[in-house]
Every structure is written in C-alpha cells, then in structure tokens.
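What follows is one structure encoded as structure tokens, with my remarks underneath.
The values are calculated or read from the model by the stated rules, or taken from the named source; none is laboratory data. Keep in mind it's a predicted model, so treat the numbers as computed, not measured. Cβ sites come from the backbone with ideal geometry, for glycine too, and all protein chains shown count toward neighbours. Surface accessibility is based on the protein's heavy atoms, side chains included, excluding ligands, DNA and RNA. Shrake-Rupley method; radii C 1.70, N 1.55, O 1.52, S 1.80 Å.
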Amino acid sequence: MNDRLGGITSSLDGGNIRYYGSNPSNYIYFNCSDYSNQTSNNCELWRIIGVFDGKIKLIRNESIGKYSWDTSASSVNSGYGINEWNQADLMKLLNPGHESESVGGSLYYNSRSGTCYNSNNNATKSCNFTSTGIKNDTTRNMIAETTWNLGGWNSSDIFSNEMYEKERGTTTVSNPRDGITRATTWTGKIALPYPSDYGYATDLSKCSQTLFNYGSSTDAYACRSNDWMYSIITNSGRKYGWLLTPYSGNAYSAFNVYSDGYVGSNYYVSNAHWVAPVLYLGSDQDIVAGDGSQSNPYQLAA
C-alpha cells in the first residue's frame, strides 16, 4: 500500500510503498556468505518493509536476541538508561565505529562475540554474533547510511498515520534530569522499526484501532493476526520487542510491542527486550531474481 506520507495531501501515488497483511510476499535473501549462490544455506531471510525515498527498507526475519535499548549507572536515571538513540548502547552494538567500547561496541556489525548490556545499572551478559551478525564487507557495503527520525511522543493511543508524523516531529522529553539534550535525528546504518512501521504492516481493512489498542478491544486480534511484523518484533509473542521511537513522557522509556500485540511505552530502556535489526539498502541495489515468496525469496545483485 501507499501510506501517502501519513496524510491525505500527497497524491495517491505519492508516498512510501509498504507491504502489509498477515504474510505478504516480501521475503528477501540478505546477509549472505555467497551472493553468487543465494540459498537458505548461505543467506539469512529478511523482509522488505517497503520503499522509502527510493531505498528498500529491510527488517531481519528473526530477532537477534534480547538486549537493553540503553542502560546506565544507578546515579543516572536510577540506572534505567537514557532514551537518546544517538548515544544508546543498542545503537553502538548494531553499528560500526564503536569498537573501542568495552561492552557491546559494534559486535553485531562486525559479527563478533563479547558482552552486551541486558538490564539496569549497566548489567551485562555474554553475547555471540559470530553466526547472526553481518557476515562480510559485501553485505556491509550494501547498507546505506541514512538519517533516521527520532521525534518522540507521550502516547501510543494514536493511529499509524499520526504516529508517522510524531516520529518526524521535534517533541522530546523536556528538562531531563540526566542533562542530555535529545536529538530529533540520527545518521547511521542499522536501527529498529518505527511504531508506524509496525502499525502500517497490518491489514487496515480489518483493523480500525489505534496502536495502543492493537492488543485489546473488538478487532484487536485482527490487528495482530494480520500484521506480519508482530511475530518478528515479539519473537512470536514471547514478551516484548523494541521500537526506535523514544517516549517523551520521561527520560528512560521507548516504545515497544507487547506480547499481545499492542504498542506501549512504560518499560525502561534498560530492560532486555527482543531486537530485530532494520536497515536501508543503497538506492543502487537491484533485485534480480525471486518472487518474494518464502519459498522463492527475492535476490539482490551482488
């Protein structure tokens, strides 16, 4: 579908193109060890969220595990972390340039093992991305450096188009006691799905709820069961999955998808929730084979 950029002022054919429904044909081989022979043996299965500004946006078809969005010492926000993605521990885990960090730094991006943050007060656990991280420079070079929007909001009781506008807005937590100014954009390679990405992924002809009510009310199960992202973000309903957008009501929360499908925000960013990496391909990347079905995923030119 075409999201018309979250409003009705764009033309019918102007906006972001998104896949929606319970199981659309948006499967694609990515993060392959051998792009000349793309099979399930040497590639991961990812999904196409859609096309944005001429670039294909992907989400990994499976979570890479449960990690803190961010955490902090007990002297900062009581150890519950800081909801500023530009300095977040999870951002540093997923992206290049943070190899000097003793915990988590670029481990996923470089396909390495070490320790990662997984609770409040800077608690850690062992983590290993040697088989689930970015496999090689061929894949790394396919990932576009992109400006991501970090506008926040204080409620998920709004519709997907409204959340889309909030994500691109300038609302952030006011006067945080941690003293850190929240930016409204971040430039990097790998992040998380937006609340609006999850919201638009359902079949809106069957779901008439706000994001907060995707897990309750009369057609809630239609919202969840017809949303292909639900099982990815929550690891098939096994508790909660992180989203990118910060909650503007305090200094230490971000939006997430709950196990029953609704979008909430009242969990500390220090909590360990499921992480499904999201990225954009460069605009020069071409699909050369496949039909997008799970049995015949799209294939990218090497």
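Equivalent-ellipsoid semi-axes (√(5λ), Cα gyration tensor) for the chain, whole Å, largest first?
One finds semi-axes of 27, 25, 17 Å for the chain.
Could you look at segment 57-127 and say what percent of its accessible area is carbon and sulfur, using a 1.4 Å probe and all protein chains?
On the way: 940 of 2550 Å².
Looking at segment 57-127 in its full context, I get 37 percent from C and S.
Can you order the peptides 191-201, 227-237, 107-117 by their average number of other Cβ atoms within 10 Å per residue, highest first?
Taking the mean over residues of other Cβ atoms within 10 Å, the ranking is 191-201, 227-237, 107-117.
Just the number please: accessible area per residue for the chain, 1.4 Å probe, all protein chains included, in Å². Display every interim value, and only then the final one.
Details: 12140 Å² over 302 residues.
It amounts to 40 Å² per residue over the chain.
What order, most packed first, do the peptides 288-294, 68-74 have when packing is the mean number of other Cβ atoms within 10 Å of each residue?
In descending order of packing, they fall as 68-74, 288-294.
Please give the calculated 222 nm ellipticity per residue for the chain, where each DSSP H segment of at least 4 residues contributes -39500 (n - 2.57) and the sum is spread over every residue; nearest 500 deg cm²/dmol? Let's see the in-between values first.
Numbers: 6 runs with 36 residues, N = 302.
Per the formula, -2500 deg cm²/dmol.
How large a share of the accessible area of segment 155-302, in percent, is made up of carbon and sulfur atoms when the probe is 1.4 Å and the other protein chains stay in place? Please list the in-between numbers first.
Details: 2470 of 5770 Å².
For segment 155-302, the apolar C and S fraction of the accessible surface comes to 43 percent.
Could you pull out the pairs from K55/K135; K55/K92; K55/K125 whose alpha carbons sit more than 32 Å apart here?
The pairs that break the limit, which is 32 Å between Cα atoms, are K55/K125.
For W228, what residues show an amide H to amide H distance below 5 Å, using hydrogens built from the backbone and excluding near sequence neighbours?
Counting only residues 5 or more places away or on other chains, the set is G21.
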